[in-house]
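What follows is a short report on a single structure.
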Amino acid sequence: MGKGRLEAFSDGVIAIIITIMVLELKVPSGADLAALRPLVPPLLSYLLSFVFVGIYWNNHHHLFHAVQHVNGGILWANLHLLFWLSLVPFVTRLVGENHFAAVPVALYGVILFFSGCAYFILVRALLAHHGKDSVLAKAVGADFKGKISVVIYAVAIPFAFYEPWIAFAAYVLVAVMWLIPDRRIERTLAE
């Protein structure tokens, strides 16, 4: 079956996720800088979450640009990814409103971990459907960045209970790793 509906549905869900996150930000009652101070934690958690959702959208777009068609298993794997991403607004607000407390930061990491695992499963489903010699297989390669990201999340989650800022810094590290453009798919398609 074609991939167009999956891409359109995914784009719509991701757009809604981003919209929900921004709507969760509350306008302060004052008009001076002091009134903005309590918004710093929610804005920081929103910023990181926006970057993460944007990274997933960008990589999802590239991923499906390299495939020709999908099957039922791929549809379910994609829905699995969207499920975990749909929880990002909840943990974003939880972290922001609780000023980066241990349990919310750990839960944030759990959602990032399962989002990473779901993306890994989606890639594997696509690879299984398209074969070892496909454009996608050549572009993805060993997927070191994808694997190390999940490992960093898994290591960071327990750190949240001791020093939440170390865990949050690890989450930022993963985001920075993915902000560096990954041109594998574009290069492979150009060849």
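Every read-out reported here was derived from the displayed coordinates using simple, explicitly stated rules and does not represent laboratory data. These numbers were taken from a predicted model, which means no experiment stands behind them. Quick reminder, even Gly has a Cβ in these numbers, built from the backbone with ideal geometry, and neighbours come from all protein chains shown.
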Helix 72-86: angle to the longest alpha-carbon principal axis of the chain, degrees 0 to 90, nearest 10?
-> 10
What ³J(HN,Hα) values, in whole Hz, does the Karplus curve 6.51 cos²θ - 1.76 cosθ + 1.60 give for the range 121-131 when θ = phi - 60°, with x put for Gly and Pro?
-> 5, 4, 4, 5, 5, 5, 5, 5, 6, 9, x
Relative to a virtual label point 7 Å from the Cα of LEU179 in the Cα→beta-carbon direction, which members of the range 26-63 show backbone nitrogen distances below 15 Å?
-> 44-56
Does anyone have the angle between helix 144-159 and the longest principal axis of the chain? Alpha-carbon axes, 0 to 90°, nearest 10?
-> 30
Using the Karplus curve 6.51 cos²θ - 1.76 cosθ + 1.60 with θ = phi - 60°, work out ³J(HN,Hα) for each residue of the range 61-71 in order, rounded to whole Hz, and write x for Gly and Pro.
-> 4, 5, 4, 7, 6, 8, 10, 9, 7, 10, 10
Using modelled backbone amide H atoms (1.01 Å from N, in-plane), which distant-in-sequence or interchain residues come within less than 5 Å of LEU87's amide H?
-> none
Tell me, what is the percent relative contact order of the chain, built from C-alpha pairs under 8 Å that lie six or more residues apart?
-> 25
Residue by residue through the range 23-36, which ³J(HN,Hα) values in whole Hz follow from phi under the Karplus form 6.51 cos²θ - 1.76 cosθ + 1.60 (θ = phi - 60°), with glycine and proline marked x?
-> 5, 6, 6, 9, 6, x, 7, x, 10, 9, 4, 4, 5, 7
Of the cross-linked pairs LYS3/LYS145; LYS3/LYS26; LYS26/LYS147, which ones have a Cα-Cα span greater than 30 Å in the structure shown?
-> LYS3/LYS26; LYS26/LYS147
Please build a GNM for the chain, connecting alpha carbons under 10 Å apart, and tell me which residue among PHE83, PHE144, PHE161 fluctuates the most.
-> PHE144
Where does helix 88-97 land angle-wise versus the long Cα axis of the chain, in degrees 0 to 90, nearest 10?
-> 20
If the chain between THR19 and ASN58 were fully extended at 0.36 nm per residue, the gain over the current Cα-Cα distance would be 12.4 nm
With a Förster distance of 45 angstrom and the Cβ-Cβ distance between ASP32 and LEU75, calculated FRET efficiency to the nearest 0.05 equals 0.35
Shape call for the chain, from the Cα gyration tensor axes a ≥ b ≥ c (a/c under 1.5 means rounded, otherwise prolate when a/b beats b/c, else oblate), comes out prolate
Projected label distance in nm at LYS145 and ALA169, using a 7 Å step from Cα toward the beta-carbon | 2.3
Where does the chain land at 222 nm, in deg cm²/dmol rounded to the nearest 500, when only DSSP H runs of n ≥ 4 count, each adding -39500 (n - 2.57), divided by all residues?
-> -25500 deg cm²/dmol
Report the paramagnetic label zone for GLU191: residues of the range 139-167 whose backbone N is under 15 Å from a point 7 Å from Cα along the Cα-to-Cβ axis.
-> 139-143
